Amino acid sequence: MTNDQQVAAAAASDLSDQERIRLEKLEALQAAGEDPYLITKCDVSHHAQEVINDFDELEEKTVTVAGRLMSKRGMGKVGFSDLQDTTGRIQIFSKIDVLGAEDYEKWQSLDIGDLVWIEGQVFRTNRGEISIRNTGWLLLSKSLRPLPEKFHGLRDTDTRYRKRYLDLIMNPDVRDTFIKRSIIIQTIRQELMDRDFLEVETPQLNTVAGGASAKPFVTHHNALDLDLFLRISPELYLKRLIVGGFERVFEIGRNFRNEGMSTKHNPEFTMMELYQAYTDYHGMMDLTEDLVVSAARAVLDDLQITYQGVEIDLNPPFRRMTMLDAVKEYAGIDFREIEDDADAHRVMAERVVPDVLPEMSRGELLNHCFELYAEEKLVQPTFLMDYPIEISPLTKRKPDSNGLVERFELFIGGREYGNAYSELNDPIDQKERFADQMKKHEAGDEEAQLPDEDFVEALEYGMPPTGGLGIGIDRLVMLLTDSGSIRDVLLFPTMRPLT
RNA sequence: GCACCAUUAGCUCAGUCGGUAGAGCAACUGACUCUUAAUCAGUAGGUCCAGGGUUCGAAUCCCUGAUGGUGUACCA
(Lines give C-alpha, C1' and ligand atoms only; values in the text may rest on other atoms or scores of the structure.)
Protein backbone atom coordinates (compact mmCIF):
# COMPACT_ATOMS: atom_id res chain seq x y z
CA MET A 1 0.00 0.00 0.00
CA THR A 2 1.37 3.40 -0.94
CA ASN A 3 1.27 6.25 1.49
CA ASP A 4 -1.57 7.88 -0.45
CA GLN A 5 -3.59 4.70 -0.36
CA GLN A 6 -3.02 4.41 3.36
CA VAL A 7 -4.23 7.94 3.89
CA ALA A 8 -7.26 7.27 1.70
CA ALA A 9 -8.04 4.05 3.53
CA ALA A 10 -7.72 5.72 6.91
CA ALA A 11 -9.97 8.56 5.76
CA ALA A 12 -12.50 6.09 4.38
CA SER A 13 -12.60 4.20 7.65
CA ASP A 14 -13.63 7.42 9.41
CA LEU A 15 -16.65 7.75 7.17
CA SER A 16 -20.06 6.53 8.11
CA ASP A 17 -21.57 3.89 5.83
CA GLN A 18 -23.74 6.51 4.22
CA GLU A 19 -20.81 8.80 3.51
CA ARG A 20 -18.74 5.93 2.12
CA ILE A 21 -21.54 4.86 -0.23
CA ARG A 22 -21.99 8.39 -1.51
CA LEU A 23 -18.27 8.80 -2.06
CA GLU A 24 -18.20 5.52 -4.00
CA LYS A 25 -21.06 6.74 -6.19
CA LEU A 26 -19.10 9.90 -6.94
CA GLU A 27 -15.96 7.95 -7.76
CA ALA A 28 -17.94 5.67 -10.07
CA LEU A 29 -19.30 8.71 -11.89
CA GLN A 30 -15.86 10.23 -12.22
CA ALA A 31 -14.46 6.92 -13.50
CA ALA A 32 -17.24 6.88 -16.11
CA GLY A 33 -16.32 10.40 -17.24
CA GLU A 34 -19.37 11.98 -15.59
CA ASP A 35 -17.70 14.11 -12.95
CA PRO A 36 -20.41 16.51 -11.72
CA TYR A 37 -17.81 18.97 -10.47
CA LEU A 38 -16.70 19.64 -14.04
CA ILE A 39 -20.04 21.27 -14.83
CA THR A 40 -19.69 25.05 -14.72
CA LYS A 41 -23.20 26.29 -15.46
CA CYS A 42 -26.67 25.37 -16.57
CA ASP A 43 -29.69 27.19 -17.96
CA VAL A 44 -32.51 27.65 -15.49
CA SER A 45 -35.77 28.99 -16.93
CA HIS A 46 -37.93 28.93 -13.80
CA HIS A 47 -37.89 28.72 -10.06
CA ALA A 48 -40.07 26.28 -8.13
CA GLN A 49 -42.50 28.91 -6.93
CA GLU A 50 -42.87 30.39 -10.42
CA VAL A 51 -43.85 27.02 -11.83
CA ILE A 52 -46.56 26.76 -9.22
CA ASN A 53 -47.73 30.36 -9.45
CA ASP A 54 -47.78 30.44 -13.25
CA PHE A 55 -49.14 26.94 -13.75
CA ASP A 56 -51.99 28.03 -16.01
CA GLU A 57 -49.55 29.50 -18.54
CA LEU A 58 -46.88 26.86 -18.10
CA GLU A 59 -49.01 23.72 -18.27
CA GLU A 60 -47.40 21.23 -20.70
CA LYS A 61 -44.67 23.76 -21.49
CA THR A 62 -41.04 22.72 -21.10
CA VAL A 63 -39.13 24.36 -18.27
CA THR A 64 -35.69 23.95 -16.75
CA VAL A 65 -35.11 24.09 -13.01
CA ALA A 66 -32.20 23.46 -10.67
CA GLY A 67 -31.86 22.81 -6.99
CA ARG A 68 -31.36 20.29 -4.23
CA LEU A 69 -33.08 16.93 -4.12
CA MET A 70 -34.92 16.83 -0.79
CA SER A 71 -36.88 13.60 -0.94
CA LYS A 72 -37.41 10.51 -3.07
CA ARG A 73 -40.51 8.36 -3.37
CA GLY A 74 -39.77 5.45 -5.66
CA MET A 75 -42.70 3.47 -7.02
CA GLY A 76 -40.79 0.94 -9.10
CA LYS A 77 -41.00 2.21 -12.66
CA VAL A 78 -41.97 5.75 -11.69
CA GLY A 79 -40.58 7.96 -8.97
CA PHE A 80 -41.39 11.23 -7.27
CA SER A 81 -38.82 13.63 -5.88
CA ASP A 82 -38.93 17.07 -4.36
CA LEU A 83 -36.55 19.68 -5.71
CA GLN A 84 -35.79 22.65 -3.47
CA ASP A 85 -34.50 25.96 -4.77
CA THR A 86 -34.34 29.44 -3.32
CA THR A 87 -38.09 29.93 -3.77
CA GLY A 88 -39.37 26.63 -2.43
CA ARG A 89 -40.08 23.13 -3.65
CA ILE A 90 -41.43 21.55 -6.80
CA GLN A 91 -42.22 17.88 -7.33
CA ILE A 92 -40.32 16.04 -10.05
CA PHE A 93 -42.02 13.07 -11.72
CA SER A 94 -39.66 10.58 -13.36
CA LYS A 95 -40.77 7.65 -15.44
CA ILE A 96 -38.81 4.75 -16.87
CA ASP A 97 -40.78 4.97 -20.15
CA VAL A 98 -39.59 8.56 -20.62
CA LEU A 99 -35.99 8.37 -19.44
CA GLY A 100 -35.16 4.87 -20.61
CA ALA A 101 -34.07 2.03 -18.34
CA GLU A 102 -30.44 3.04 -18.02
CA ASP A 103 -31.04 6.73 -17.30
CA TYR A 104 -33.91 5.96 -14.95
CA GLU A 105 -31.63 3.64 -13.00
CA LYS A 106 -29.07 6.45 -12.67
CA TRP A 107 -31.76 8.89 -11.60
CA GLN A 108 -32.92 6.51 -8.90
CA SER A 109 -29.39 6.17 -7.57
CA LEU A 110 -29.21 9.90 -6.77
CA ASP A 111 -29.10 10.76 -3.09
CA ILE A 112 -31.13 13.20 -1.06
CA GLY A 113 -29.06 16.35 -0.95
CA ASP A 114 -27.69 16.07 -4.47
CA LEU A 115 -27.88 19.19 -6.63
CA VAL A 116 -29.52 18.56 -9.99
CA TRP A 117 -30.70 20.27 -13.13
CA ILE A 118 -33.92 19.09 -14.72
CA GLU A 119 -35.71 19.73 -17.98
CA GLY A 120 -39.33 18.72 -18.32
CA GLN A 121 -42.96 19.60 -18.84
CA VAL A 122 -45.15 21.19 -16.24
CA PHE A 123 -48.24 19.15 -15.42
CA ARG A 124 -50.58 18.20 -12.64
CA THR A 125 -50.47 14.69 -11.16
CA ASN A 126 -53.58 12.57 -10.64
CA ARG A 127 -53.55 13.69 -7.05
CA GLY A 128 -53.43 17.30 -8.22
CA GLU A 129 -49.89 18.31 -7.37
CA ILE A 130 -48.16 20.60 -9.84
CA SER A 131 -45.04 18.76 -10.99
CA ILE A 132 -42.41 18.58 -13.68
CA ARG A 133 -42.21 15.50 -15.90
CA ASN A 134 -38.50 14.72 -16.00
CA THR A 135 -37.35 14.37 -19.62
CA GLY A 136 -33.68 15.11 -19.03
CA TRP A 137 -31.46 15.83 -16.05
CA LEU A 138 -27.90 16.41 -14.90
CA LEU A 139 -26.19 15.89 -11.57
CA LEU A 140 -24.63 19.29 -10.80
CA SER A 141 -23.01 18.44 -7.50
CA LYS A 142 -22.85 15.34 -5.33
CA SER A 143 -23.81 15.61 -1.68
CA LEU A 144 -21.28 13.47 0.14
CA ARG A 145 -22.96 13.77 3.52
CA PRO A 146 -26.53 12.82 4.43
CA LEU A 147 -28.82 15.69 5.34
CA PRO A 148 -30.72 15.79 8.63
CA GLU A 149 -34.01 13.99 8.83
CA LYS A 150 -36.79 15.26 6.57
CA PHE A 151 -39.62 15.46 9.05
CA HIS A 152 -38.11 16.93 12.19
CA GLY A 153 -35.46 18.92 10.35
CA LEU A 154 -32.42 20.06 12.25
CA ARG A 155 -33.22 20.83 15.87
CA ASP A 156 -29.94 20.84 17.72
CA THR A 157 -29.25 24.53 18.39
CA ASP A 158 -25.51 24.05 18.53
CA THR A 159 -25.41 22.51 15.05
CA ARG A 160 -27.96 24.99 13.71
CA TYR A 161 -25.75 27.95 14.66
CA ARG A 162 -22.42 26.39 13.75
CA LYS A 163 -23.63 24.93 10.45
CA ARG A 164 -26.17 27.54 9.46
CA TYR A 165 -26.17 26.24 5.90
CA LEU A 166 -27.78 23.02 7.14
CA ASP A 167 -30.28 25.01 9.16
CA LEU A 168 -31.15 27.01 6.04
CA ILE A 169 -31.52 23.88 3.91
CA MET A 170 -33.72 22.11 6.42
CA ASN A 171 -35.77 24.80 8.14
CA PRO A 172 -37.84 27.13 5.92
CA ASP A 173 -38.69 29.37 8.91
CA VAL A 174 -35.03 30.20 9.29
CA ARG A 175 -34.81 31.23 5.63
CA ASP A 176 -37.87 33.36 6.17
CA THR A 177 -36.36 35.11 9.18
CA PHE A 178 -33.25 36.12 7.28
CA ILE A 179 -35.22 37.24 4.25
CA LYS A 180 -37.25 39.44 6.62
CA ARG A 181 -34.07 40.73 8.19
CA SER A 182 -32.90 41.87 4.77
CA ILE A 183 -36.26 43.50 4.03
CA ILE A 184 -36.26 45.32 7.38
CA ILE A 185 -32.80 46.77 6.77
CA GLN A 186 -33.67 47.64 3.20
CA THR A 187 -36.87 49.39 4.33
CA ILE A 188 -35.08 51.47 6.92
CA ARG A 189 -32.38 52.41 4.43
CA GLN A 190 -34.97 53.42 1.85
CA GLU A 191 -37.03 55.42 4.37
CA LEU A 192 -33.93 57.38 5.32
CA MET A 193 -32.81 57.93 1.76
CA ASP A 194 -36.31 59.17 0.94
CA ARG A 195 -35.77 61.75 3.69
CA ASP A 196 -32.46 62.90 2.15
CA PHE A 197 -30.22 61.13 4.64
CA LEU A 198 -26.75 60.34 3.34
CA GLU A 199 -25.48 56.83 4.03
CA VAL A 200 -21.91 56.93 5.27
CA GLU A 201 -19.26 54.60 6.64
CA THR A 202 -17.09 55.52 9.60
CA PRO A 203 -14.10 53.68 11.07
CA GLN A 204 -14.53 50.40 12.88
CA LEU A 205 -10.94 50.62 14.06
CA ASN A 206 -10.82 53.45 16.60
CA THR A 207 -7.99 54.96 18.61
CA VAL A 208 -10.58 56.00 21.19
CA ALA A 209 -13.63 53.77 21.68
CA GLY A 210 -16.28 56.41 22.27
CA GLY A 211 -19.95 57.13 21.90
CA ALA A 212 -21.22 54.56 24.38
CA SER A 213 -20.50 53.06 27.76
CA ALA A 214 -19.06 49.64 27.07
CA LYS A 215 -15.86 47.64 27.20
CA PRO A 216 -14.17 47.52 23.78
CA PHE A 217 -12.25 44.79 22.01
CA VAL A 218 -8.58 45.65 21.61
CA THR A 219 -6.48 44.83 18.60
CA HIS A 220 -3.09 45.91 17.33
CA HIS A 221 -1.85 47.55 14.19
CA ASN A 222 1.62 46.21 13.47
CA ALA A 223 2.97 48.84 11.09
CA LEU A 224 1.96 51.70 13.37
CA ASP A 225 2.72 49.62 16.49
CA LEU A 226 -0.56 50.93 17.81
CA ASP A 227 -3.34 49.41 19.87
CA LEU A 228 -6.70 50.01 18.27
CA PHE A 229 -10.21 49.42 19.54
CA LEU A 230 -13.12 47.98 17.64
CA ARG A 231 -15.82 50.60 17.73
CA ILE A 232 -18.51 50.41 20.37
CA SER A 233 -20.52 53.10 18.57
CA PRO A 234 -20.12 55.33 15.49
CA GLU A 235 -21.63 58.32 17.32
CA LEU A 236 -18.65 60.62 17.65
CA TYR A 237 -17.66 60.16 14.00
CA LEU A 238 -21.18 60.75 12.71
CA LYS A 239 -21.45 63.98 14.70
CA ARG A 240 -18.14 65.14 13.19
CA LEU A 241 -19.91 64.79 9.84
CA ILE A 242 -22.72 67.05 11.05
CA VAL A 243 -20.02 69.57 11.98
CA GLY A 244 -18.66 69.05 8.46
CA GLY A 245 -21.92 70.21 6.98
CA PHE A 246 -23.76 67.03 6.08
CA GLU A 247 -27.14 67.78 7.62
CA ARG A 248 -28.50 64.25 7.61
CA VAL A 249 -26.30 61.17 7.86
CA PHE A 250 -26.83 57.58 8.83
CA GLU A 251 -24.82 54.41 9.12
CA ILE A 252 -25.95 50.82 9.37
CA GLY A 253 -23.12 48.70 10.63
CA ARG A 254 -21.53 46.53 13.20
CA ASN A 255 -20.68 47.59 16.74
CA PHE A 256 -18.51 45.46 19.00
CA ARG A 257 -18.83 45.28 22.76
CA ASN A 258 -16.70 43.08 24.95
CA GLU A 259 -19.42 42.05 27.33
CA GLY A 260 -21.46 39.06 28.37
CA MET A 261 -23.63 37.17 25.93
CA SER A 262 -27.31 36.46 26.34
CA THR A 263 -30.45 35.96 24.29
CA LYS A 264 -30.32 39.75 23.76
CA HIS A 265 -26.57 40.33 23.43
CA ASN A 266 -24.01 39.23 20.87
CA PRO A 267 -20.44 40.65 20.97
CA GLU A 268 -20.93 42.05 17.48
CA PHE A 269 -24.31 43.46 16.60
CA THR A 270 -25.86 45.72 14.02
CA MET A 271 -26.78 49.29 14.80
CA MET A 272 -28.49 51.92 12.74
CA GLU A 273 -27.40 55.36 13.82
CA LEU A 274 -28.52 58.62 12.32
CA TYR A 275 -28.03 62.34 12.96
CA GLN A 276 -30.21 65.14 11.72
CA ALA A 277 -29.33 68.81 12.04
CA TYR A 278 -31.84 71.40 13.20
CA THR A 279 -34.07 69.05 15.14
CA ASP A 280 -34.18 67.60 18.63
CA TYR A 281 -35.28 64.44 20.39
CA HIS A 282 -38.93 65.17 19.65
CA GLY A 283 -38.07 65.02 15.95
CA MET A 284 -36.29 61.74 16.64
CA MET A 285 -39.42 60.29 18.26
CA ASP A 286 -41.47 60.99 15.16
CA LEU A 287 -38.77 59.51 12.95
CA THR A 288 -38.38 56.43 15.16
CA GLU A 289 -42.11 55.77 14.95
CA ASP A 290 -41.98 56.06 11.17
CA LEU A 291 -39.00 53.73 10.86
CA VAL A 292 -40.33 51.04 13.20
CA VAL A 293 -43.78 51.12 11.65
CA SER A 294 -42.43 51.02 8.08
CA ALA A 295 -40.19 48.08 8.92
CA ALA A 296 -43.10 46.27 10.57
CA ARG A 297 -45.43 46.92 7.65
CA ALA A 298 -42.78 45.63 5.25
CA VAL A 299 -42.69 42.19 6.85
CA LEU A 300 -46.00 41.83 8.69
CA ASP A 301 -49.66 42.10 7.71
CA ASP A 302 -50.74 43.64 10.96
CA LEU A 303 -49.24 46.11 13.43
CA GLN A 304 -50.96 44.22 16.21
CA ILE A 305 -48.27 41.60 16.80
CA THR A 306 -47.44 38.81 19.19
CA TYR A 307 -43.90 38.62 20.47
CA GLN A 308 -43.08 35.46 22.39
CA GLY A 309 -46.68 35.19 23.47
CA VAL A 310 -47.07 38.87 24.41
CA GLU A 311 -49.55 41.05 22.50
CA ILE A 312 -47.94 44.26 21.29
CA ASP A 313 -49.64 47.06 19.40
CA LEU A 314 -47.21 48.84 17.09
CA ASN A 315 -49.80 51.31 15.84
CA PRO A 316 -48.54 54.87 16.28
CA PRO A 317 -48.40 57.12 18.13
CA PHE A 318 -46.29 55.38 20.77
CA ARG A 319 -46.75 56.32 24.39
CA ARG A 320 -44.43 59.08 25.57
CA MET A 321 -43.60 59.29 29.25
CA THR A 322 -40.77 60.70 31.30
CA MET A 323 -38.52 58.62 33.51
CA LEU A 324 -39.76 60.70 36.46
CA ASP A 325 -43.36 59.75 35.69
CA ALA A 326 -42.48 56.10 35.06
CA VAL A 327 -40.73 55.80 38.42
CA LYS A 328 -43.58 57.63 40.11
CA GLU A 329 -46.16 55.37 38.47
CA TYR A 330 -44.45 52.00 38.82
CA ALA A 331 -42.30 52.49 41.91
CA GLY A 332 -44.41 55.05 43.71
CA ILE A 333 -41.38 57.27 44.19
CA ASP A 334 -41.64 60.89 43.11
CA PHE A 335 -38.15 62.16 42.39
CA ARG A 336 -39.56 65.65 41.78
CA GLU A 337 -39.84 65.88 45.54
CA ILE A 338 -36.25 64.75 45.98
CA GLU A 339 -33.86 67.69 46.01
CA ASP A 340 -30.38 66.20 46.18
CA ASP A 341 -28.23 63.09 46.62
CA ALA A 342 -28.64 62.91 50.39
CA ASP A 343 -32.38 63.29 50.06
CA ALA A 344 -32.44 60.53 47.47
CA HIS A 345 -30.48 58.14 49.66
CA ARG A 346 -32.84 58.84 52.54
CA VAL A 347 -35.82 57.83 50.38
CA MET A 348 -34.01 54.74 49.07
CA ALA A 349 -33.38 53.62 52.64
CA GLU A 350 -36.98 54.32 53.60
CA ARG A 351 -38.26 52.26 50.68
CA VAL A 352 -35.64 49.53 51.19
CA VAL A 353 -34.54 49.74 47.55
CA PRO A 354 -32.03 46.93 46.87
CA ASP A 355 -28.52 47.23 45.39
CA VAL A 356 -28.07 50.90 46.23
CA LEU A 357 -24.40 51.93 46.35
CA PRO A 358 -23.31 54.84 48.57
CA GLU A 359 -21.65 56.69 45.69
CA MET A 360 -24.83 56.81 43.59
CA SER A 361 -26.17 60.28 42.84
CA ARG A 362 -29.81 61.37 42.72
CA GLY A 363 -29.88 60.88 38.97
CA GLU A 364 -28.26 57.46 39.13
CA LEU A 365 -30.76 56.43 41.77
CA LEU A 366 -33.61 57.63 39.56
CA ASN A 367 -32.29 55.41 36.75
CA HIS A 368 -31.73 52.59 39.25
CA CYS A 369 -35.36 52.76 40.34
CA PHE A 370 -36.49 52.89 36.73
CA GLU A 371 -34.56 49.73 35.84
CA LEU A 372 -35.66 47.99 39.00
CA TYR A 373 -39.37 48.76 38.97
CA ALA A 374 -40.52 50.30 35.71
CA GLU A 375 -38.52 48.99 32.76
CA GLU A 376 -40.21 45.58 32.55
CA LYS A 377 -43.62 47.23 32.74
CA LEU A 378 -43.11 49.11 29.48
CA VAL A 379 -44.63 46.39 27.30
CA GLN A 380 -46.47 48.53 24.76
CA PRO A 381 -44.15 50.78 22.72
CA THR A 382 -43.07 53.66 24.93
CA PHE A 383 -40.66 56.52 24.48
CA LEU A 384 -39.11 56.89 27.89
CA MET A 385 -37.96 60.50 28.09
CA ASP A 386 -35.60 62.71 30.08
CA TYR A 387 -32.69 60.78 31.52
CA PRO A 388 -30.31 61.79 34.29
CA ILE A 389 -27.33 63.78 33.04
CA GLU A 390 -24.85 61.51 34.87
CA ILE A 391 -25.52 58.58 32.56
CA SER A 392 -25.82 60.68 29.41
CA PRO A 393 -22.52 62.48 28.79
CA LEU A 394 -23.25 63.27 25.13
CA THR A 395 -26.72 64.73 25.57
CA LYS A 396 -28.03 68.28 25.76
CA ARG A 397 -29.45 69.42 29.07
CA LYS A 398 -33.18 69.78 29.42
CA PRO A 399 -33.88 73.40 30.29
CA ASP A 400 -35.27 74.09 33.76
CA SER A 401 -34.81 70.53 34.93
CA ASN A 402 -32.97 69.20 37.92
CA GLY A 403 -30.11 67.33 36.24
CA LEU A 404 -32.01 65.86 33.31
CA VAL A 405 -31.14 65.70 29.62
CA GLU A 406 -33.16 65.51 26.41
CA ARG A 407 -32.83 61.82 25.80
CA PHE A 408 -35.25 58.99 25.19
CA GLU A 409 -35.08 55.27 24.81
CA LEU A 410 -37.75 53.26 23.05
CA PHE A 411 -39.04 50.34 25.09
CA ILE A 412 -41.16 47.53 23.72
CA GLY A 413 -41.89 44.41 25.69
CA GLY A 414 -39.72 45.71 28.53
CA ARG A 415 -36.74 45.73 26.22
CA GLU A 416 -34.72 48.62 24.77
CA TYR A 417 -34.83 49.13 21.02
CA GLY A 418 -33.54 52.60 20.44
CA ASN A 419 -31.74 55.47 22.08
CA ALA A 420 -31.88 59.11 21.02
CA TYR A 421 -30.78 62.56 22.13
CA SER A 422 -30.89 66.18 21.47
CA GLU A 423 -27.16 66.12 20.87
CA LEU A 424 -24.88 68.09 23.14
CA ASN A 425 -23.25 70.71 20.92
CA ASP A 426 -21.68 72.90 23.63
CA PRO A 427 -17.94 72.06 23.45
CA ILE A 428 -17.19 73.49 26.88
CA ASP A 429 -19.94 71.48 28.51
CA GLN A 430 -18.85 68.42 26.52
CA LYS A 431 -15.32 68.82 27.80
CA GLU A 432 -16.61 68.95 31.38
CA ARG A 433 -18.79 65.89 30.84
CA PHE A 434 -15.78 63.97 29.57
CA ALA A 435 -13.84 65.15 32.61
CA ASP A 436 -16.58 63.76 34.87
CA GLN A 437 -16.47 60.47 32.98
CA MET A 438 -12.69 60.41 33.39
CA LYS A 439 -13.09 60.71 37.14
CA LYS A 440 -15.42 57.72 37.12
CA HIS A 441 -12.97 55.82 34.98
CA GLU A 442 -10.15 56.57 37.38
CA ALA A 443 -12.40 55.48 40.22
CA GLY A 444 -12.58 52.07 38.55
CA ASP A 445 -15.60 52.34 36.26
CA GLU A 446 -14.31 50.42 33.23
CA GLU A 447 -17.21 51.56 31.12
CA ALA A 448 -17.01 55.27 31.71
CA GLN A 449 -16.61 57.10 28.44
CA LEU A 450 -13.08 58.18 27.70
CA PRO A 451 -12.50 61.73 26.49
CA ASP A 452 -12.13 62.25 22.77
CA GLU A 453 -10.19 65.50 22.44
CA ASP A 454 -10.50 65.58 18.68
CA PHE A 455 -14.27 65.32 18.94
CA VAL A 456 -14.38 68.24 21.37
CA GLU A 457 -12.24 70.24 18.94
CA ALA A 458 -14.75 69.47 16.18
CA LEU A 459 -17.55 70.80 18.41
CA GLU A 460 -15.52 73.94 18.98
CA TYR A 461 -15.89 74.77 15.29
CA GLY A 462 -19.65 74.64 15.86
CA MET A 463 -22.21 71.87 15.49
CA PRO A 464 -25.80 72.89 14.79
CA PRO A 465 -28.55 71.76 17.12
CA THR A 466 -28.95 68.13 16.14
CA GLY A 467 -31.08 65.14 16.91
CA GLY A 468 -29.47 61.70 16.97
CA LEU A 469 -30.95 58.22 17.06
CA GLY A 470 -29.67 54.68 17.32
CA ILE A 471 -31.78 51.58 16.70
CA GLY A 472 -30.63 48.06 17.50
CA ILE A 473 -31.35 46.27 14.26
CA ASP A 474 -30.98 42.75 15.64
CA ARG A 475 -33.51 43.35 18.37
CA LEU A 476 -35.91 44.95 15.94
CA VAL A 477 -35.60 41.90 13.70
CA MET A 478 -36.20 39.67 16.73
CA LEU A 479 -39.36 41.61 17.53
CA LEU A 480 -40.71 41.51 13.98
CA THR A 481 -39.89 37.82 13.42
CA ASP A 482 -40.97 36.67 16.88
CA SER A 483 -37.46 35.32 17.56
CA GLY A 484 -36.61 34.54 21.17
CA SER A 485 -32.84 34.77 20.85
CA ILE A 486 -30.53 37.21 19.07
CA ARG A 487 -28.76 34.13 17.73
CA ASP A 488 -31.85 33.33 15.71
CA VAL A 489 -31.49 36.59 13.75
CA LEU A 490 -27.71 36.40 13.23
CA LEU A 491 -26.64 34.11 10.40
CA PHE A 492 -23.41 33.23 12.16
CA PRO A 493 -23.66 34.11 15.85
CA THR A 494 -20.51 34.18 17.92
CA MET A 495 -19.71 30.66 19.12
CA ARG A 496 -16.91 29.09 21.08
CA PRO A 497 -14.71 27.06 18.77
CA LEU A 498 -14.88 23.29 19.01
CA THR A 499 -11.45 22.12 20.03
C1' G B 1 -18.74 34.90 36.07
C1' C B 2 -22.46 31.84 38.88
C1' A B 3 -26.64 28.17 39.02
C1' C B 4 -29.51 24.50 36.75
C1' C B 5 -30.37 21.32 32.53
C1' A B 6 -28.72 18.72 28.15
C1' U B 7 -25.03 15.72 25.19
C1' U B 8 -27.01 8.00 23.04
C1' A B 9 -26.74 5.68 15.13
C1' G B 10 -26.11 10.64 9.64
C1' C B 11 -30.90 13.22 11.86
C1' U B 12 -35.12 13.25 15.63
C1' C B 13 -35.49 10.88 20.06
C1' A B 14 -36.48 6.44 23.86
C1' G B 15 -33.49 3.79 27.34
C1' U B 16 -37.33 1.49 33.93
C1' C B 17 -33.91 -0.14 39.99
C1' G B 18 -26.77 -0.11 37.93
C1' G B 19 -27.27 -6.16 34.66
C1' U B 20 -26.15 -7.95 26.55
C1' A B 21 -27.83 -0.56 23.20
C1' G B 22 -33.60 0.71 21.15
C1' A B 23 -37.31 3.10 17.64
C1' G B 24 -38.67 6.31 13.49
C1' C B 25 -36.52 8.77 9.39
C1' A B 26 -32.15 8.36 6.35
C1' A B 27 -28.94 4.18 4.10
C1' C B 28 -28.48 -0.80 1.81
C1' U B 29 -31.12 -5.38 -0.75
C1' G B 30 -35.76 -6.68 -2.91
C1' A B 31 -41.23 -5.74 -4.50
C1' C B 32 -44.20 -1.81 -6.56
C1' U B 33 -46.06 2.72 -13.33
C1' C B 34 -49.47 8.82 -9.57
C1' U B 35 -46.61 9.16 -4.63
C1' U B 36 -46.23 13.19 -1.27
C1' A B 37 -43.81 11.92 6.46
C1' A B 38 -45.44 6.65 -0.03
C1' U B 39 -46.19 1.48 1.28
C1' C B 40 -44.46 -3.71 2.14
C1' A B 41 -40.38 -7.50 3.33
C1' G B 42 -35.42 -7.94 4.87
C1' U B 43 -30.18 -6.08 6.18
C1' A B 44 -26.53 -3.11 8.14
C1' G B 45 -25.18 0.99 11.14
C1' G B 46 -22.86 2.88 18.23
C1' U B 47 -15.77 6.32 21.09
C1' C B 48 -23.64 6.29 24.82
C1' C B 49 -19.39 14.22 24.62
C1' A B 50 -14.10 13.47 26.92
C1' G B 51 -11.15 11.85 31.10
C1' G B 52 -11.00 9.87 35.91
C1' G B 53 -13.59 7.26 40.08
C1' U B 54 -17.19 3.81 42.75
C1' U B 55 -18.81 -1.25 41.57
C1' C B 56 -18.46 -8.19 40.20
C1' G B 57 -20.79 -5.02 36.48
C1' A B 58 -21.85 2.07 34.47
C1' A B 59 -25.39 5.21 28.89
C1' U B 60 -27.34 5.09 34.04
C1' C B 61 -24.06 6.77 40.34
C1' C B 62 -19.76 10.37 41.83
C1' C B 63 -15.72 13.98 40.35
C1' U B 64 -13.23 17.04 36.63
C1' G B 65 -13.42 19.13 31.89
C1' A B 66 -15.69 20.43 26.86
C1' U B 67 -19.82 22.34 24.05
C1' G B 68 -24.78 24.06 24.00
C1' G B 69 -29.48 25.77 26.25
C1' U B 70 -32.09 28.47 30.06
C1' G B 71 -31.90 31.73 34.11
C1' U B 72 -28.97 35.26 36.59
C1' A B 73 -24.93 38.87 36.98
C1' C B 74 -22.34 42.37 33.97
C1' C B 75 -24.11 45.11 29.90
C1' A B 76 -28.49 51.78 29.26
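Computed quantities for the displayed model
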read-out: Filter result for A:Ala374 (crowded, with 21+ Cβ neighbours inside 10 Å, assigned to a helix (DSSP H, G or I) and in contact (Cβ under 8 Å) with a residue 40 or more places away in the chain); value: yes
read-out: Count - residues of the range A:253-265 that are buried (at least 20 other Cβ atoms within 10 Å of the Cβ) and assigned to a loop (DSSP other than H, G, I, E, B); value: 1
read-out: Test: residue in the range A:451-468 that is part of a strand (DSSP E or B) and hydroxyl-bearing (Ser, Thr, Tyr); value: yes
read-out: Unique match (being without any contact (Cβ under 8 Å) to a residue 60 or more places away in the chain, of a type in the set (Phe, Trp, Tyr), within 16 Å of RNA strand B (Cβ to nearest atom) and not in a helix (DSSP H, G or I)) among A:Phe229, A:Phe269; value: A:Phe229
read-out: Pick from the range A:94-103, criterion assigned to a helix (DSSP H, G or I) and more than 8 Å from RNA strand B (Cβ to nearest atom), ranking: surrounded by the most Cβ atoms within 10 Å (Cβ to Cβ); value: A:Leu99
read-out: Sole exception among (1) modelled with pLDDT under 95; (2) outside any loop (DSSP other than H, G, I, E, B) for A:Lys106, by number; value: (1)
read-out: Matching option when the condition is touching a helix residue (DSSP H, G or I) at 6+ places or on another chain (Cβ under 7 Å), surrounded by fewer than 20 Cβ atoms within 10 Å (Cβ to Cβ) and closer than 23 Å to A:Thr270 by Cα, among A:Thr135, A:Thr219, A:Thr202; value: A:Thr202
read-out: Of all residues in the range A:405-460 being out of contact with any strand residue (DSSP E or B) (no Cβ under 8 Å at 6 or more places or on another chain) and of a type in the set (Gly, Ala, Ser), the one that is farthest from A:Asn258 (Cα to Cα); value: A:Ala458
read-out: Only listed residue being modelled with pLDDT under 95 and of a type in the set (Asp, Glu), chosen from A:Glu376, A:Glu406; value: A:Glu376
read-out: From A:Thr263, A:Thr288, residue being within 16 Å of RNA strand B (Cβ to nearest atom), within 30 Å of A:Phe229 (Cα to Cα), out of contact with any Lys or Arg (no Cβ under 9 Å at 6 or more places or on another chain) and assigned by TED's automatic domain parsing to the domain that holds A:Thr481; value: A:Thr288
read-out: Filtered residue count, the range A:435-454, keeping only those that are out of contact with any helix residue (DSSP H, G or I) (no Cβ under 6 Å at 6 or more places or on another chain) and crowded, with 21+ Cβ neighbours inside 10 Å; value: 1
read-out: Hey, A:Asp445 modelled with pLDDT of 95 or more, near RNA strand B (Cβ under 9 Å from one of its atoms) and farther than 23 Å from A:Lys239 by Cα or not; value: no
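The values are calculated or read from the model by the stated rules, or taken from the named source; none is laboratory data. Model, not experiment: these values are computed from the prediction. Every residue, glycine among them, receives a Cβ derived from its backbone with ideal geometry; neighbour counts consider all protein chains shown.
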